[in-house]
Amino acid sequence: MDLMNYINGRFQAHSGDEWLEVLEPATGRQFARVPLSSPSDVDSAVLAARDAQAGWREASQSERADWLDKIADELESRYEDIASLESRDTGKPISLARAVDAHRSVSNFRFFAEMVREHQGEVFEMPDATNFVTHKPVGVGALITPWNLPLYLLSWKVAPAIGMGNTVVCKPSELTPMTANLLMEVVDKVGLPPGVINLVHGDGRGAGSTLVSHRDVDLVSFTGGTLTGSKVAEAAAPQFKKISLELGGKNSSIVLDDCDIDLAVKGVVRSGFMNQGQVCLCGSRVLVQDGIYDLFVGRFIEEVESMKIGDPSDEQTELGALISAEHLKKVEGYIELAKEEGGTVLTGGYPCLPKPLAGGNWIAPTVVSGLKTDSRCSTEEIFGPVVTVHRFHDDEEAVRIANNTRYGLAGSVWTGDTSRGKKVADSIHTGMVWVNTWLHRDLRAPFGGVGDSGVGREGGKWSLGFFSEATNVCVKHD
Ligand code: TXE
């Protein structure tokens, strides 16, 4: 299958003849080709978005909310397609693709339909004047997304962006373009006005950077690696574009000695290894209090070793393949580094898999102990199924360790005393912390990080704020 860009309401071939093979992570086999778009393709998409601006910003909030609902309905009718395409494209287990990716892609559109419909400006009274605050569209948005949660993250940006009256150009990861294409089929089918949502495929160098620095792009919402995020920020800054960066993480799971061990083991395994550890929120450093260290780590290893790894299309599979051969090499490099840094690999290695999966990017879930808490492996983002475990003495030490990375995205605390958990959580310098749970999301809550994890917040009213310009009209009383 050869994919096409979607510009001004039409699927269009790209202008050049460069393509990238789309590979199945589980087998290494090619199953599609994605266009490597050129700057002129990006230009056409931005122009289409710019031309569609006037009409779309005039649509009422409730009209725009109705369009979001129509997209949600149509996406819902393709629920199984989303799950199977996402599983094939990313290598993640089908059960996860269904429960997380397909589910959230639909609910993102539904959630923002409701928020946009109900959104109202604010009024601030003064003794002699009234301030009327309204939220106007920013203009043309560049939405750049990564490969770990392709449609989940794209829909998280598209829905509030167009809901608030912006028109957009999407640039999905070149490694996982399939469900972005599906979204364009949906947009086409429901008959959204041409130019409101456009899509250019391609890599970061040719399409991504051209899009970010395009003169007619007014805002950039980027999710991806920290290094790429800094290039995006550098390109957007001279033109004062509105920017939101959701980058990497090195999150701690803090296990306190009064925790419910069964709950904590299950929760910390899920947090460490969901999507093969390729989620920015994953708890890849596990800090365990002295008194329960041996008990917890023993149970943790048992649970990790019982996970079923293999064919992503098998309903029983819990762990799939890594996104690419290159990424696998990076993860393997970190495991080697862990040994050089003095760590002990408690479990890991290569899974024994059937022949058809031989060409895929496979590695077993790996747990390393004995590393210093400031070692590279325990402070840098590995973004794979590799977790380091560390011992701590008291809550202050746990907080100190949790805060000794340049990242600041998320974390979790496991305890039988929720007020103790809340106190520890409040001391962690990250955008989000869960107590006795992980990745339990209320879409109204803010999402984002500090430090190397990014700038800005999305989610609920924060998304509506980012994808709009708050404007105040102050009227002096007669
Ligand atoms: O992502 P990139 P990569 C982390 C993870 C991973 C590392 C690199 O540690 O190992 O990032 O992953 C587009 N201007 N995360 O290289 O490059 C690119 O085409 C504009 C964490 O795969 O950040 C893709 O669409 N765009 C993360 C998107 O940026 C550019 C999820 C992300 O790609 C560009 C994924 C440029 N100069 C990886 N260069 C998370 N926060 O969840 C690339 N792109």
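Here are 242, 266: which of them is more than 15 Å from the ligand (Cβ to nearest atom), assigned by TED's automatic domain parsing to the domain that holds residue 45 and either touching a residue at least 24 places away in the same chain (Cβ under 8 Å) or at positive phi (or both)?
Just a single option satisfies the conditions, and that option is 242.
Between 277, 310, 283, 320, which is farther than 27 Å from residue 391 by Cα and buried (at least 24 other Cβ atoms within 10 Å of the Cβ)?
320
Hand me the list of helices (runs of 4 or more DSSP H) wholly inside the stretch 378-478 holding 2 or more residues that are within 22 Å of the chain's Cα centre (by Cα). Step through it out loud before you land on a result.
Working: elements: 395-402, 418-426, 460-466.
Qualifying helices (runs of 4 or more DSSP H): 460-466.
Among the numbered conditions (1) in a loop (DSSP other than H, G, I, E, B); (2) within 14 Å of the ligand (Cβ to nearest atom), tell me where residue 143 comes up short.
The failed condition is (1).
Kindly provide the set of residues from the stretch 196-205 that are buried (at least 24 other Cβ atoms within 10 Å of the Cβ) and not hydrophobic (A, V, I, L, M, F, W, C), ordered by number.
198, 201, 202
Look at residue 338 and say whether it is surrounded by fewer than 17 Cβ atoms within 10 Å (Cβ to Cβ) and of a type outside the set (Ser, Thr, Tyr).
Taking the combined requirement at face value, the residue does not satisfy it.
Provide a single number: the residues in the stretch 217-228 that are within 9 Å of the ligand (Cβ to nearest atom) and either basic (Lys, Arg) or not in a helix (DSSP H, G or I) (or both).
Pass one, the stretch 217-228, residues within 9 Å of the ligand (Cβ to nearest atom): 220, 222-228.
Among the residues that remain, those that are also either basic (Lys, Arg) or not in a helix (DSSP H, G or I) (or both) are: 220, 222-225.
Number satisfying all stated conditions: 5.
Within the stretch 426-468, can you find the residues that are surrounded by fewer than 16 Cβ atoms within 10 Å (Cβ to Cβ) and charged (D, E, K, R)?
Those that are surrounded by fewer than 16 Cβ atoms within 10 Å (Cβ to Cβ) and charged (D, E, K, R): 426, 441, 442, 444, 461.
Looking at residue 110, is it at pLDDT 95 or above and either part of a strand (DSSP E or B) or farther than 30 Å from residue 210 by Cβ (or both)? Full working, then the answer.
Values: at pLDDT 95 or above: yes; either part of a strand (DSSP E or B) or farther than 30 Å from residue 210 by Cβ (or both): yes.
Yes; evaluated as a whole, the condition is true for this residue.
Just a yes or no: is a residue in the stretch 377-396 under 30 Å from residue 340 (Cβ atoms), without any contact (Cβ under 8 Å) to a residue 60 or more places away in the chain and in contact with an Asp or Glu (Cβ under 8 Å, 6 or more places away or on another chain)?
Yes: the stretch 377-396 contains one or more residues that are under 30 Å from residue 340 (Cβ atoms), without any contact (Cβ under 8 Å) to a residue 60 or more places away in the chain and in contact with an Asp or Glu (Cβ under 8 Å, 6 or more places away or on another chain).
The values are calculated or read from the model by the stated rules, or taken from the named source; none is laboratory data. Everything numeric in this text was worked out from a predicted model, so none of it was measured. Here the Cβ is made from the backbone with ideal geometry for all residues, glycine too, and neighbour counts use every protein chain on show.
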